Amino acid sequence: MVRRMSTPVRRVAVLGAGVMGAGIAAHCANAGIPVLLLDIVPPKATEDEKKSKAVRDSFATGALDKLKKAKPAAFSHARNAVLVQTGNFDDDLDKVKDCDLIIEAIIERLDIKQALFAKLEAIAAPHAVIASNTSGLRIVDMVQGRSETFKKNFMITHFFNPPRYMKLLELVAGPDTSAEAKQRAEQFGRELLGKGIVWAKDTPNFIGNRIGLQSMMTTIHLMLERGLTPEDVDAITGIPMAHPKSATFRTADVVGLDTVGHVAANCYKSLTDDEDRDVFKTPAFITAMIEKGILGDKTKGGFYKKQGDAIATLDPKTGEYRAKGGDPEIAKAAKSLAKIEDPRERVKKLVATSGPVGDFAWTVLSRSLAYAARRIPEITESIEAIDNAMKWGYAWDLGPFETWDALGFAETYERMKKDGVALPAWVDKMAAAKASGFYAGDRVWDPTRGDFARRDLDAREVTWEVLRKGSAPVLKNSGAEAWDLGDGILGLTFKTKANSIDSDVIKMIHDATAKAEQDFRGMLIWNQGEFFCVGANLFAVLMAAGQKQWDGLREMIKGYQYATQRMKYATVPVVAAPYNMTLGGGLELCMGADSVQAALETYSGLVEVGVGLIPGGAGTMNMLWRSLEGVPEGVEIDTYAFVTQTFKNIALAKVATSAEEGKAFGYFRANDGVSFDRARQLHEAKQRAIGLANAGYHPPIPRAYKLPGENGIATLQMLVNTLVAGKYASEHDAKIAMKLANVLCGGINGHTHAVTEDEILELEREAFLSLCGEPLSQARMQYMLQNNKPLRN
C-alpha cells in the first residue's frame, strides 16, 4: 500500500543554479512540477549592469540555457523548460513562500548556508519542507539558531548526478525532523520523480559515496601495490565484477577527478576514527593530475584521452600519456567472464579465476565487502540500504551484501577470517547462527536484532518471474513465450537475442493475440534484457536477400505487417511496455498496440534507412496514420504537411531520447503512460491493460485518407534533390527516400481516393522488398552486422 502525502508538492524552489541545482530543477520539471530556480546576482557585474533584471538573473537564466543544450539531455523534452522560472536571491527570494518544497544547492560553506536558512525561516510557508543537497555538512550545524518549526521541516535530500538518470536519492533526517516532513520528502522522491529512496544517517558522504569511494580508492591503491595498469584494473572491476563497463578509471573520468578528489578529501578530513581512513588519501599521481587540470571528460582527458583515432592511457608511474595497453591475458580472462549473463555466477567465477585476475578481484572485494559490513550501524542499520545505494547510485548489478551472498556467505566469511580481514561482531553472530546468507526470499538479516526480518518491499516493484502464473507458459516457441499474468492478462515476451523479431516471434504474436482473445481480457508485451527490441533479425533478412528468396521474404514482411495489425484490431486491449532501445520493428510493435506504458528512458525511432531499408512492419503506415488520427471525420485537410513530417522522421532516422520526446514526435500517443521508475513499469503496464479491459474496450475502426499522390512525390523529390546536391545525402539515400515518399503519398494515385491501410501496406511491402535486392542496401546491412554502426554509401 502506497501512502499518499497529506500536503502534496505542487511547486518546488531550487536555490542554487549550479550543475546539481539546475539538474534537480530540470527533473522536477520533467515530472510536471513548476520550479523556481534562483541564484546569486553576478558579483562581478558593474553597478550599471546590476540595474538590469536580465543581468541580475543571468546566473540562473544561463543555467537554464545550458540545461536546454545539455548532453545527455537534462530535460525529457525541451518544452519542459517552460516550467522553470528563474530569478535571483536578492529580488526573488520571497517567491519561495508559494513553494511546498525548497531545495538548497548552493556552495558547500556552512556560514553561507546558515545565512540563507535564516532568510528562509522568515519567508517559507509553515508546511514547506526545506532540504539541503549537501554531502559534507551536518544537519545539526546547518540548523543552528533556527526555530523549532524550521528544524521540524528540515532535512537533507542528496541527489546523484545527473538527477534525471541516477535513481538514488539519499534522505537524511535530523534529530528534530518531523514524521510528516520525512513522509512528504519520501513520497515526492519516489512517486513524482521515480527515485529509489535510501534513508541514511547524518555521517560524512552518507552511504553511496562512502562505500563507493572506499571501493574505488582501495582498487587504485591496490593497483599501485600490485604493479597493474589502469587497463588491467578496468578489465577486472567492470562487467566481471558486476559493476558498470566504465569500471574504476573510466568512471572517475566521467564523474570528474576534481569531484572524486573533493569527496576523498572530505572523507579523509572527517573520518578521523575510520579504520580505513588512509584508503581515502589521494595517491600522488592523482593529486598531480588534479593540480594540472587533468580532470576527465570535462577537460577532454583524464586517465584516458582520445588522441586522433586512438585512446591513450595516463601512466601512473610517469604521469604521461602512452598507447593503450595492459596485460593481454588479463583482458582475455575478463572478456570471457563478461560473457556470463548472470551477475551472481559471473562474480563468483571471477573470484575463482586463478592468477592475478582472481587474486586482485578477491582482495578488492574482500576489503570492500568487509568495510561495508563494518559501517553498520554507523551509516545505516540496513543491509538493503547499502545494497540499494550502490545499485542505484553507482549502477552496480549487485550490492555488497548481494555480492557476498553470490560468492557464498559461509565460504567467503571463512576466507576473510583466514586472510585476517576484520569483520564486525554482528557478522560473527550471523555465521554462528548458521545463516545461509544475508537474504532469504522476502526476508533480510537484521544486524540489530540478530535475526531475519521481513523486507519492506513495494508491491509495485514486481518482476516477470514473480508475476507470471504456473510453472509453464501458455504458449511457447523458440522465439517467444506467452504467460498467464493473472487478472485476465496474457503476457507476451521475446526470447531472441536483443529481443529481435524473427519468424518465430511473428508467429507467436499472431498466436498470442488469438489466445488472448479466446481466454483472456487483455495482452501485455513485456521484454527483458538490456533492450526492449532492436527490430528485425537483420541477419535473417540479409541471408534471404542474398539467396534471392524473394517469396519467403515477402511472406515474412507481410507476416509482421499483419501481426502488428492483428494486435491493433484485436477484440481485447494490447499494451506494450518499451524501454531503452526501441528501434525499427520494436517501435512498430508499439504502434500496433492500443496503448503504451513506456519507461521514461525509452529511445525510439524508425531507423531502417541506416541499413538501406524503410520500415516494413506497418511502421510507415502507422506513423502517418497516428499523425492523422486526431483529425475529425469530414474535415477536408491537405495531408502533405503530415506526410512531410513523417517522411523527415523516417528518412532522417530521427530517434526520440525519452518517452516524452517520443510522444512529441508522434511515436507514442499523448495519453500513453510514462514510468519514471523502471522497477514499477511492469506493474503499471499491467494496470493499464486491466484498466482498458475494465473500461469496456472496443477495437478501433479502420480509417482511410486522401494522400498527396504524384504531386506530393514530386515535391519530396525536390527536397531530396537539394540534399543530394548539397552532399547531405548520397544517391542511394535518395533512392531509399523516394521509395519512402511513394509509400507515404499513397503512390501516384494517392490523391484520387481515400487510401486504405491495405493499400499502404502493399506499397510498404514492395518498397521494402525492392530495397532488399539493392546491392548497396545489402552492403549497409552487412556493415551494420559486422560493425554495429551504419554505413554511408
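The values are calculated or read from the model by the stated rules, or taken from the named source; none is laboratory data. As the structure is a prediction and not an experimental result, all values here were calculated from the model. Cβ coordinates were reconstructed from backbone atoms using ideal geometry, including for glycine residues, and neighbour counts include every protein chain displayed. Just the protein is used for accessible areas: all its heavy atoms, side chains included, with ligands, DNA and RNA removed. Shrake-Rupley method; radii C 1.70, N 1.55, O 1.52, S 1.80 Å.
Using only Cα atoms, tell me the angle between helix 619-628 and the longest principal axis of the chain; keep it within 0 to 90° and round to the nearest 10. Around 90 degrees separate the two axes.
In order along segment 453-466, the phi-based Karplus estimate (6.51 cos²θ - 1.76 cosθ + 1.60, θ = phi - 60°) of 3J(HN,Hα) comes to 10, 5, 6, 8, 9, 7, 4, 7, 8, 9, 9, 4, 5, 7 Hz; Gly and Pro are listed as x.
Calculated FRET efficiency, ALA118 to ALA323, Cβ-Cβ distance, R0 = 60 Å: about 0.60 to the nearest 0.05.
Entry note, segment 248-331: relative contact order of 25 percent, from Cα contacts under 8 Å with a spacing of 6+ residues. In degrees between 0 and 90, to the nearest 10, how far off the longest principal axis of the chain does helix 731-744 point, with axes built from Cα atoms? Between the helix axis and the principal axis of the chain, the angle is about 70 degrees.
Sequence-ordered 3J(HN,Hα) estimates for segment 684-698 from the Karplus curve with 6.51, -1.76 and 1.60 and θ = phi - 60° stand at 5, 5, 5, 4, 5, 5, 4, x, 5, 5, 6, 8, x, 5, 9 Hz, glycine and proline given as x. Between VAL720, ALA78, GLY238, the Cα set farthest toward the positive side of the dipole of the chain (charges on each charged residue's Cβ, about the Cα centre) is that of GLY238.
First check a/c for segment 598-728, with a ≥ b ≥ c the square roots of the eigenvalues of its C-alpha gyration tensor; if it is under 1.5, answer rounded, and if not, answer prolate when a/b is larger than b/c or oblate otherwise. Don't skip to the end; give the middle numbers.
Details: a/c = 2.81, a/b = 1.47, b/c = 1.91.
Judged from the Cα gyration tensor, segment 598-728 comes out oblate (a/c at least 1.5, b/c at or above a/b).
Between MET718 and ARG79, the modelled label-to-label distance comes to 3.0 nm, taking each label 7 Å out from Cα in the direction of the beta carbon. With R₀ fixed at 51 Å, the C-beta to C-beta distance from ALA45 to VAL140 puts the FRET efficiency at about 0.90. Projected label points at LYS68 and ILE637, each 7 Å from Cα along the beta carbon direction, are separated by 2.8 nanometres.
Between ALA704 and VAL254, how high is the FRET efficiency from 1/(1 + (r/R0)^6) when r is the Cβ-Cβ distance and R₀ = 51 Å? Nearest 0.05.
Working: r = 51 Å, r/R0 = 1.00.
It comes to 0.50.
Contact order, relative form, for segment 655-793: 21 percent (alpha carbon pairs under 8 Å, 6 or more residues apart, mean separation divided by residue count). About its Cα centre, segment 717-793 has a charge dipole of approximately 540 debye under the convention of +1 per Lys or Arg Cβ and -1 per Asp or Glu Cβ, with nothing else charged.
Using Cα pairs under 8 angstrom and six or more residues apart, how large is the relative contact order of segment 93-223, in percent? Spell out each step's value before the answer.
Numbers: 180 pairs, mean separation 26.1, N = 131.
For segment 93-223, the relative contact order is 20 percent.
A cut-off of 5 Å between modelled amide H atoms, ignoring neighbours fewer than 5 places along the same chain, links MET523 with LEU490, VAL574, VAL575. Full extension of the chain between TRP550 and ASN788 gives 83.1 nm of extra length, using 0.36 nm per residue less the Cα-Cα distance. Going by alpha carbons, how many degrees (0 to 90, nearest 10) lie between the helix axis of 356-374 and the longest principal axis of the chain? Rounded to the nearest ten degrees, it is 60.
Given axes a ≥ b ≥ c from the Cα gyration tensor, I'd like to know whether segment 1-142 is rounded (a/c under 1.5), prolate (a/b larger than b/c) or oblate. Judged from the Cα gyration tensor, segment 1-142 comes out oblate (a/c at least 1.5, b/c at or above a/b).
Taking a sphere under 15 Å around the Cβ of LEU692 and counting the other residues whose Cβ falls inside, with K and R at +1 and D and E at -1, yields a net charge of 0.
Here each label is just a point 7 Å from Cα along the line to Cβ, and for ILE311 and ALA472 those points are 4.7 nm apart. The residues of the chain expose on average 43 square angstrom of accessible surface per residue, using a 1.4 Å probe on protein heavy atoms.
What shape does segment 493-614 have by the C-alpha gyration tensor, where a ≥ b ≥ c are the square roots of the eigenvalues, rounded means a/c under 1.5, and otherwise prolate means a/b greater than b/c and oblate the rest? It is oblate, given that a/c is not under 1.5 and a/b is not larger than b/c.
Would you compute, from DSSP H runs of 4+ residues alone, the mean residue ellipticity of the chain at 222 nm, taking -39500 (n - 2.57) per run and dividing by the full residue count, rounded to the nearest 500? Mind dumping the intermediate values first?
Values: 33 runs with 358 residues, N = 793.
Result for the chain, helices only: -13500 deg cm²/dmol.
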